[in-house]
Structure formats: structure tokens, C-alpha cells
Amino acid sequence: MKFKFLYLILIASALTARLHAQQHSEQDHSKYMAPTDPLVQQKLSKWQDVKFGLLMHWGTYSQWGIVESWSLCPEDEGWCERRGPHSHDWYEYKKAYEDIAKEFNPTRFNPERWATAAKNAGMKYVVFTTKHHDGFAMFDSKYTDYKITNTPFKSNPKSNVTKEILSAFRNQGFMTGTYFSKPDWHTDSYWWKYFPPKDRNVSYDPKKRPELWQKFKDFTYNQIEELMTGYGQVDILWLDGGWVRPFSTIDPNISWQKTIPYDQDIDMARIAKMGRSHQPGLLVVDRTVTGEFENYVTPEQQIPDHYMPIPWESCITMGDSWSYIPKENFKSTRKLVHTLVDIVAKGGNLLLNVAPGPDGEWHEEAYQRLDEIGKWMSVNGIGIYETKPQAPYRQGKWAYTKKANTTYAFYLADEGETIPAKLKPEGLNIPANAKISIAGNQKSLKLKDGSIEIPAKTAVQVGQQPVYLFVIN
Ligand code: GLC
């Protein structure tokens with residue numbers, strides 16, 4: 001207990017390395033392979049219509065308020081740094097880290113509250129970390145003891161948290177996704193204890209130890225099958241840990257991929273086939289492994305600088321970190337709404353991450369942000385959901401989408417900016433006879449020399465907003 005406090009202090013003071021875009025940056029989108037299975041195509045287009053989802057990183061690491069899993073990784077990188085009383089010795093640290101499971105007891109866990117808050121914010125899908133790189137299963141896996149149902153929380157009727165989360169969100173109409181890390185730093189068939197791990201990769205050469213690698217492949221397959229069978233309808237299998245991949249898929253232009261020492265083929269064809277046999281139309285997102293099993297691409301902590309004509313999703317944290325830290329630095333509602341509009345105008349989805357804490361609750365600020373986003377979405381969601389990108393997509397402070405004959409023109413206002421009396425949507429040709437109004441307001445607006453005129457009374461009625469939406473017919 002004493003140590004816990006010490007950890008919190010030490011760790012909270014050193015979070016600069018948290019924004020590590022170490023893995024999933026640039027990708028070659030010309031190599032995207034569209035799915036051929038009609039059920040997958042259908043689900044993908046449904047997913048592209050919903051635009052806005054929730055990601056949650058939650059595990060025993062949340063107890064210490066540290067980076068998810070990475071402090072176990074023996075790489076000399078800022079985000080892998082160990083802190084606290086056990087940090088001087090990797091083995092001792094690993095043991096202490098894994099022993100957190102003996103204490104983890106998130107008694108305030110209430111996924112209905114999360115689902116309601118996310119729904120009111122206008123989110124329509126959820127992706128949850130069922131297992132991160134540390135190998136701790138947030139579901140009741142029979143293939144490991146290192147799991148949520150083997151902690152002090154096991155006596156709680158909601159102890160199989162993955163099941164509870166997916167069903168709470170599904171009950172509110174959400175599509176559901178399981179984040180699952182392919183690498184597993186707990187199981188002996190990945191970090192084989194005979195060799196000490198050197199880095200994030202498998203600790204032995206799979207070619208030299210085919211039986212051990214087969215064991216790991218089966219373990220991964222079996223755990224994914226548990227998720228695809230015992231947890232109701234699952235729409236997305238979101239696979240992280242892109243270094244677990246066949247050698248042939250390595251892109252030599254991407255620096256982190258060049259350092260992968262071994263072929264780590266886990267037979268995605270077999271996994272995807274099994275997944276879809278239980279979950280027809282399942283979206284498989286084998287992140288960064290461009291090809292058949294990456295149904296959409298996932299830029300991380302970043303927004304592409306222009307429109308991309310393939311299915312994609314930016315995953316972005318609401319604060320600074322993926323996992324819970326005691327003092328989180330939340331982005332403003334304005335910034336979050338701008339982020340959503342920017343992404344949707346460029347043809348993508350936003351998967352916004354909120355991190356539950358050790359007690360099973362979010363920071364109150366997370367609820368506040370979602371509430372404010374929801375107020376904006378309830379009026380302006382018409383320009384978001386089920387829309388298609390509309391050229392010029394983004395120009396200056398403007399963003400565009402369209403649906404049937406309607407064009408949606410978003411004006412991304414600065415902090416403190418009220419709506420000006422005259423606005424010219426940049427790069428958009430508006431026919432002289434177009435009908436124009438501001439979302440949520442009756443008044444029809446006049447066009448003069450290509451600029452929209454906003455009467456003072458209307459400006460007062462719409463008030464200050466992070467983004468103003470003009471509906472043009
Ligand atoms: C980064 C982090 C990883 C996290 C992922 C989410 O890659 O290193 O821990 O799960 O982002 O996209």
C-alpha cells in the first residue's frame with residue numbers, strides 16, 4: 001500500500017514519454033485491400049456511417065497509474081521506463097507488476113454509466129482492451145490464470161468485465177469491438193523463460209522452435225475464439241502489436257518494422273476464418289499489417305493531413321495517455337469536436353480513448369467532456385452520421401461533408417470566437433438559389449457575393465459553439 005502511493009507520485013511526475021507514436025504512423029494506403037466477403041463489406045459500410053466510437057484501455061496497470069504494459073518491455077525507450085521501488089531489477093519489477101493482480105479490485109465498475117455517457121455523446125461503437133501486451137486477460141479465459149476473474153474482484157457478479165462492458169454497450173445500440181494484443185508478455189510460449197526477453201518481440205526464434213511457436217499460435221487462436229464465442233455479437237476484432245507478423249509483410253520504409261528480428265506469423269487466415277465462422281461479417285483489423293486482414297487502417301494519435309479514400313479510423317486519447325493516470329490533462333471540448341469534424345471530413349472515424357481507473361471509474365472530467373460533445377452532436381450530428389466526404393474536404397477553417405443533395409459546411413471557430421456577420425465557405429461553390437440555414441436554427445440565410453450573411457439576431461440565438469454547421473440544399 002505504501003509502495004502504491006510512491007508509485008503514483010513517481011509516475012505522475014514523468015509522463016512526457018506517454019505520447020509515443022512509436023509504431024503506427026505512416027502506411028502505404030495504395031496497398032489497402034478491400035474485403036470481398038459481402039457480409040464484411042456490409043458491416044464495414046455500416047461502421048463507416050457511425051463515425052464516432054469509444055476506446056478504453058483498462059488493466060492492472062491502471063492500479064499503479066502507469067503506461068499500459070510498456071514498463072515491462074526491456075527497450076531503452078522513454079515509454080518503457082520503469083519507476084518505483086522495484087525498477088532497478090527487471091525480474092523483480094516484472095514480478096511486482098504481475099502481483100498487482102492480487103490487489104486489483106475495481107469495485108465501482110459500472111459499465112451502464114459508461115455506455116449511457118458514451119451514447120449521449122453520440123458515440124456508436126466501443127472497442128475494449130480485452131488483453132494488452134502484458135497478457136493480463138480482462139475476460140475469463142480458461143487458457144491463463146493471469147486474468148480478471150482471478151483477482152479479488154472475482155467474487156463480484158460482474159467480474160468478467162469484458163462480457164459486462166460489451167453487453168452494456170450493445171444494449172444501448174453500440175457496435176462492439178475487442179482490442180486484443182497479439183504479443184503476450186506473460187505467456188511462456190512468447191517470452192520463453194529460457195531466454196530473457198531483449199525487447200518487445202518473441203524471446204526465441206520461432207523457426208528454431210516450431211513447437212513452441214505452434215503452442216503460442218494455438219494459445220492466441222484459442223483466446224480469440226473465446227472472445228468470438230462467449231461474448232455475444234462482436235463486430236470488430238482489433239488486433240494490436242503489429243510486430244507479430246510474417247516477415248513478408250514488413251515494410252522496409254517504416255523504421256520500427258525494420259527492427260523486427262523474427263518471422264512471427266500467427267496465421268491470420270486461420271484466425272479470421274474462425275472469427276467469421278462465429279461472427280459473420282466480422283471486421284478484422286490487424287493493425288499495420290497491410291493486406292487482407294486489415295479491413296480498415298488506424299492512424300494513431302494523429303489525423304491524416306488530407307482526405308483518404310479508404311476506410312480508416314484515428315484512435316486518439318481524450319487526455320494525454322491511453323491508460324489511467326491520476327492527474328490527466330484532458331483536451332478541451334472544442335478541440336475534441338474539431339478533431340471529430342476534421343476526421344469525418346477526411347473520410348475517417350474517430351475512436352476516442354477514455355481510461356478507467358483502478359476503482360473502475362472514469363475521471364469526472366471525462367463525463368463532462370462527453371456531455372458537452374453530446375450537446376453539440378444532438379444538434380449537429382446530421383452533418384456527421386451517414387455522410388460522405390465532400391470536396392474540398394478541408395480548407396482553412398472549413399470542413400465539408402454531404403448526404404444526398406445536402407452539403408454540410410462546418411466552420412471551425414476559434415476559442416472565444418462568436419459567429420461572424422458574414423462567412424464565405426472556402427473552396428465551395430454555392431448555387432445562388434441554394435437554401436441555407438444553421439443547424440438547429442429556423443432562419444433561412446441569404447447568400448451575397450458567395451458569402452453567407454448571418455443576422456445579429458440569429459448569431460445571438462446560435463450562441464458560442466466550437467463548430468458552426470451550415471446546412472446547404
Ligand atoms: C500505442 C501504445 C499501445 C496502445 C495503442 C493504442 O501503440 O503503445 O499501448 O494500446 O497505442 O492504439
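We did not get these values from a lab; they are worked out from the coordinates using the rules stated. Nothing here was measured: the structure is a model prediction, and the numbers come from that model. Note that each Cβ is placed from the backbone with ideal geometry, even for glycine, and that neighbours are counted across all protein chains shown.
Is there a pair in 331/402; 335/424; 124/397; 43/208; 182/208; 46/258 whose C-alpha atoms are over 30 Å apart, and which pairs would that be? Violating the 30 Å Cα-Cα cut-off are 43/208; 46/258. Other residues lying with their Cβ under 10 Å from the Cβ of residue 348 contribute a combined charge of 0, Lys and Arg counting +1, Asp and Glu -1. Only the Cβ atoms of Lys and Arg (+1) and of Asp and Glu (-1) were treated as charged; on that basis the dipole of the chain about its Cα centre amounts to roughly 1240 debye.
Per-residue Cβ neighbour counts within 10 Å put 134, 49 in the sequence 49, 134, beginning with the fewest. What FRET efficiency, computed as 1/(1 + (r/R0)^6) with R0 = 25 Å and r the Cβ-Cβ distance, is obtained for residue 207 and residue 278, rounded to the nearest 0.05? Rounded to the nearest 0.05, the efficiency is 0.20.
Each stretch of four or more DSSP H residues adds -39500 (n - 2.57); spread over every residue of the chain, this sum gives -8500 deg cm²/dmol at 222 nm.
First select every other residue whose beta carbon is under 15 angstrom from the beta carbon of residue 442; then total the charges, Lys and Arg +1, Asp and Glu -1. Walk me through the numbers before you get to the answer.
On the way: positive: 435, 443, 446, 457; negative: none.
Within the 15 Å Cβ shell, the charges total +4.
Here the calculated FRET efficiency for residue 37 and residue 303, from their Cβ-Cβ distance with R0 = 35 Å, stands at 0.75, rounded to the nearest 0.05.
Using alpha-carbon positions, what is the distance between the centroids of segment 192-210 and segment 420-471, in Å? Cα centroid of segment 192-210 versus Cα centroid of segment 420-471: 61 Å apart. Across segment 176-188, coupling constants 3J(HN,Hα) worked out from phi with the 6.51/-1.76/1.60 Karplus curve, θ = phi - 60°, read 10, x, 10, 6, 9, 7, 5, x, 9, 8, 10, 7, 5 Hz, and Gly and Pro carry x. In the chain, how does Rg compare with the Kirkwood Rh, expressed as the Rg/Rh ratio over alpha carbon atoms? With Rg and the Kirkwood Rh in hand, the quotient comes to 0.99. On the principal axes of its alpha-carbon atoms, segment 254-409 has extents of 48, 46, 36 Å, going from largest to smallest. Cβ-Cβ distance of residue 92 and residue 253, R₀ of 35 Å, FRET efficiency by 1/(1 + (r/R0)^6): the value works out to about 0.35. Label-to-label distance, residue 154 versus residue 446, with points set 7 angstrom from Cα along the beta-carbon direction: 7.5 nm. Here the gap between residue 188 and residue 45, fully extended at 0.36 nm per residue and compared with their Cα-Cα distance, gives a gain of 47.5 nm.
Amide H contacts of residue 294: 286, each under 5 Å away and 5 or more positions distant or on a separate chain (H built 1.01 Å from N in the peptide plane; Pro and chain starts excluded).
What is the spin-label model distance, in nm, from residue 359 to residue 385 if the labels are put 7 Å beyond Cα along the C-beta direction? Using points 7 Å along Cα→Cβ, the separation is 3.4 nm.
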